[in-house]
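The values are calculated or read from the model by the stated rules, or taken from the named source; none is laboratory data. Because the structure is a prediction, the values reported are computed rather than measured. Here the Cβ positions follow ideal geometry from the backbone for every residue, glycine too, while neighbour counts run over all protein chains shown.
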Amino acid sequence: MALPIDLTGKVALVTGSTRGIGRTIAKTLVDAGAKVAVVGRDLAKAEQVAEELGEARGFACDVVDPASVTMLVQTVEDAFGSLDILVNNAGITRDKLMLRMKEEDWDAVLDTNLRSAFVAIRAAQRGMMKRRWGRIINIASVVGIFGNKGQANYAASKAGMIGLSKSVAKELASRNILCNVVAPGFITSDMTDAMTPQAVEALAAQISLERFGAAQDVAGVVAFLASEHAAYITGQVLAVDGGLAM
């Protein structure tokens, strides 16, 4: 029997949640009883997704701009009365071999994937500390664990997110604020749907379970970490990768 995840009365903010894994995370948290701030670059899209999910509201934010991220956290707290669960999911890739990677490719990925998480955590922790309860869940990648050719910037951002999370976990544990990392492997998405069957088969062969995961596999782990079932888990990296990183 599945563990009941009850997030009734909690408020969650999920960056990058208008599509893909982020949208599935937002839906799963709403289904568990949380009120969710759906965040994307496009306000109309964020509001549309929020309306579809139910107990949610849409917000626009440029996560590369620290002032916008800080304002977002304050706006969500004002709108809902608190912010209990922060999921840093926003991320981009600009894949190139190091020889061809430009500094702007490096900066864009590090700013979007890592600096935005730092700024959001810094802003959200103040309210969490006052309430002496909080869950910070950062969506990294198994690439941040073992690296990947052509993804030096992406791997560095996700490895940095792991180090950031462990440090935050140690700093905030005394206030009952937990910080953990979910590191997905190959997850079915629009990008993988466009791949040839041969490419999918070659990648699946590297995975112990011999198949790609689904967005719900990631979202279920996020919901668990946000719940009281995970009240004694902090500073951990949970690879949702079918055994790829073993």
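Check whether at least one residue in the stretch 85-95 is of a type in the set (Asp, Glu), assigned to a helix (DSSP H, G or I) and surrounded by 14 or more Cβ atoms within 10 Å (Cβ to Cβ), and report yes or no.
Checking the stretch 85-95: not a single residue is of a type in the set (Asp, Glu), assigned to a helix (DSSP H, G or I) and surrounded by 14 or more Cβ atoms within 10 Å (Cβ to Cβ).
Give the residue that is nearest to the chain's Cα centre (by Cα), with candidates limited to residues of the stretch 185-209 that are assigned to a loop (DSSP other than H, G, I, E, B) and touching a residue at least 12 places away in the same chain (Cβ under 8 Å).
Residue satisfying both the conditions and the ranking: GLY185.
Looking only at the stretch 29-54, filter to residues that are more than 17 Å from GLY9 (Cα to Cα) and of a type in the set (D, E, K, R); which one of those is surrounded by the most Cβ atoms within 10 Å (Cβ to Cβ)?
GLU47
Restricting the search to the stretch 32-47, which residues are outside any strand (DSSP E or B) and in contact (Cβ under 8 Å) with a residue 24 or more places away in the chain?
Within the stretch 32-47, ALA32, GLY33, ALA34, ASP42, LYS45, ALA46 qualify.
Within the stretch 228-241, is there a residue that is over 27 Å from ARG100 (Cα atoms), of a type outside the set (S, T, N, Q), surrounded by 19 or more Cβ atoms within 10 Å (Cβ to Cβ) and modelled with pLDDT under 95?
yes
If I filter the stretch 55-75 for residues that are closer than 22 Å to ILE139 by Cα, surrounded by 14 or more Cβ atoms within 10 Å (Cβ to Cβ) and of a type in the set (Phe, Trp, Tyr), do I get at least one hit?
Looking through the stretch 55-75, at least one residue is closer than 22 Å to ILE139 by Cα, surrounded by 14 or more Cβ atoms within 10 Å (Cβ to Cβ) and of a type in the set (Phe, Trp, Tyr).
Please work out which one of (1) in contact (Cβ under 8 Å) with a residue 40 or more places away in the chain; (2) in contact with a Gly (Cβ under 9 Å, 6 or more places away or on another chain) is the condition ALA50 fails and give its number.
(1)
Take the stretch 96-142 and flag every residue that is charged (D, E, K, R) and either part of a helix (DSSP H, G or I) or surrounded by 24 or more Cβ atoms within 10 Å (Cβ to Cβ) (or both).
Matches in the stretch 96-142: GLU103, GLU104, ASP105, ASP107, ASP111, ARG115, ARG122, ARG126, LYS130, ARG131, ARG135.
In the stretch 7-18, what residues are part of a loop (DSSP other than H, G, I, E, B) and surrounded by 14 or more Cβ atoms within 10 Å (Cβ to Cβ)?
LEU7, LYS10, THR15, GLY16, SER17, THR18
Mind listing whichever residues of the stretch 155-177 are crowded, with 23+ Cβ neighbours inside 10 Å and either out of contact with any helix residue (DSSP H, G or I) (no Cβ under 9 Å at 6 or more places or on another chain) or under 28 Å from ASP107 (Cβ atoms) (or both)? Reasoning before the result, please.
Just the residues of the stretch 155-177 that are crowded, with 23+ Cβ neighbours inside 10 Å, to begin with: 157-158, 161, 165, 168, 177.
Once the filter is applied, which keeps residues that are crowded, with 23+ Cβ neighbours inside 10 Å and either out of contact with any helix residue (DSSP H, G or I) (no Cβ under 9 Å at 6 or more places or on another chain) or under 28 Å from ASP107 (Cβ atoms) (or both), the stretch 155-177 yields SER157, LYS158, MET161, SER165, VAL168.
Step by step: first the residues of the stretch 33-47, then only those that are hydrophobic (A, V, I, L, M, F, W, C) and within 17 Å of the chain's Cα centre (by Cα), then the one that is farthest from MET71 (Cα to Cα). Which residue is that?
ALA34
Yes/no matrix, rows are residues, columns are (1) in contact with a Pro (Cβ under 7 Å, 6 or more places away or on another chain); (2) at negative phi; (3) of a type in the set (S, T, N, Q):
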{"residue": "ARG126", "(1), (2), (3)": "no, yes, no"}
{"residue": "ILE145", "(1), (2), (3)": "no, yes, no"}
{"residue": "GLY150", "(1), (2), (3)": "no, no, no"}
{"residue": "SER157", "(1), (2), (3)": "no, yes, yes"}
{"residue": "ARG211", "(1), (2), (3)": "no, yes, no"}
{"residue": "ALA215", "(1), (2), (3)": "no, yes, no"}
